[in-house]
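Down below is the structure, laid out as structure tokens.
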Amino acid sequence: MGRLDGQVAIVTGSSKGIGKAIAIELALEGASVTINYKSDTAGAEETLAQIRATGGKAIAIAADVGSNEEAKTLVEKTIAEFGKLDILINNAGITRDKSFKNMNEQMWLEVINANLNSLYYCTHSALQYMLNQKHGHIVSISSVIGQAGGFGQVNYSATKAAILGFTRSLALETAKSGITVNAICPGFIATEMVAAVPEDRLDLIKARIPMGRLGKSEEVARAVVFLCADADYITGQEININGGIHMG
Ligand code: NAP
């Protein structure tokens with residue numbers, strides 16, 4: 001018996017990294033999972049294969065969650081396939097780092113669209129089903145950079161801070177409808193996103209982490225499972241998973 005038997009989940013951006021680990025952990029607990037991705041079909045197929053190899057149920061859907069139409073289709077196809085939707089994990093995200101004075105409008109807009117507008121698109125589509133069934137869990141992946149700021153990351157930091165306001169406000173609106181809305185703030189997790197950080201900067205970052213190492217995607221995924229399986233009285237919160245680099 002899994003803790004999420006019979007539940008249906010969408011994990012945006014689960015072809016790799018943190019999203020992939022979340023999809024796998026949710027499926028291991030018995031949830032049927034929609035793996036979403038934008039362009040990495042091979043990565044999504046790998047996530048799918050790993051879930052199916054352990055007897056889990058999953059499908060993969062390519063959809064740009066920065067498009068309202070595609071996000072709607074993602075939700076509709078999931079419901080058509082599995083019959084309902086209980087869990088939405090807003091995980092997809094990108095970086096376009098540059099000092100603000102050199103950040104062009106495209107770098108700003110791309111990050112706002114992929115990291116923030118996607119929350120409106122996916123959550124707005126999913127919420128109507130959750131409100132009707134009076135049950136649901138929404139977890140969005142913010143970042144320590146949204147709490148503490150990040151050099152060269154004004155665009156990214158702005159979206160990640162906005163996710164926290166989104167989470168608290170939506171939690172207020174849905175609290176009486178059996179729907180929890182929470183955010184997770186990872187610190188520095190070993191994924192392709194962090195691999196893009198120059199090695200000398202990464203060494204400086206590691207030296208600032210009290211635990212002295214990067215986090216693992218699975219360490220974030222286990223907190224997502226907790227919020228979806230064991231936390232009916234937790235809503236509007238942010239959970240820090242950061243090896244102690246930011247406390248508060
Ligand atoms: P990653 O390895 O770069 O993976 C990003 C995932 O998002 C991929 O599956 C990618 O799919 C998908 N994606 C990006 N844009 C998309 C779009 N418009 N539509 C659909 N899917 C899209 O990143 P990660 O490190 O796992 O990060 C996952 C989340 O955690 C992000 O929100 C990130 O900001 C947050 N986070 C990460 C860290 C960290 O240290 N890694 C720390 C704090 C927060 P394709 O490859 O197909 O485009």
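The values are calculated or read from the model by the stated rules, or taken from the named source; none is laboratory data. Computed from a prediction, not measured in an experiment: that's the story for all the values here. Cβ atoms come from the backbone with ideal geometry, glycine included; neighbour counts cover every protein chain shown. Accessible surface is based on the protein model in full, side chains and every heavy atom, while ligands, DNA and RNA are left aside. Shrake-Rupley method; radii C 1.70, N 1.55, O 1.52, S 1.80 Å.
Among the listed pairs K176/K216; K16/K160; K38/K176; K16/K176; K57/K160, those whose Cα-Cα separation exceeds 28 Å are K176/K216; K38/K176; K16/K176; K57/K160. Residues whose amide H falls under 5 Å from that of A60, counting only those 5 or more places apart or on a different chain, are I35, with hydrogens built in the peptide plane. Within straight-line reach of K20, meaning a Cα separation under 16 Å, sit the following aspartates and glutamates at least 8 residues removed in sequence or on another chain: E29, D40, E45, E46, E192, E218, E219. The calculated FRET efficiency for the pair V197 and N68, based on their C-beta separation and a Förster distance of 45 Å, comes to about 0.90. In the frame of its principal axes, segment 60-125 has Cα extents of 48, 20, 19 Å, reported largest first. Overall, the accessible surface of segment 77-137 at a probe of 1.4 angstrom is composed of carbon and sulfur to the extent of 51 percent. Between F100 and L204, the C-beta separation translates, for a Förster distance of 22 Å, into a calculated FRET efficiency of about 0.60. Taken over the Cα atoms of segment 107-184, the convex hull encloses 66 Å³ per residue.
Net length available on complete extension from E173 to E81 is 30.3 nm, with 0.36 nm assigned per residue and the Cα-Cα distance removed. Averaging 1/r across all pairs of distinct Cα atoms in the chain and inverting the result yields a Kirkwood radius of 18.0 Å.
Overall, segment 1-141 carries a charge dipole of about 180 debye about its Cα centre when +1 sits on the Cβ of Lys and Arg and -1 on the Cβ of Asp and Glu, all other atoms neutral. Calculated accessible area for segment 37-132 comes out at 52 Å² per residue, all protein chains present (probe 1.4 Å; ligands, DNA, RNA ignored). For L88, L48, L109, the ranking by accessible surface with the largest value first comes to L109, L48, L88, using a 1.4 Å probe.
Sorted on the mean count of surrounding Cβ atoms within 10 Å across their residues, most packed first, peptides 201-207, 13-19, 191-197 read 13-19, 191-197, 201-207. For segment 87-137, the list of trypsin sites (Lys or Arg not before Pro) that fall in a loop by DSSP and count at most 13 other C-beta atoms within 10 angstrom reads K134.
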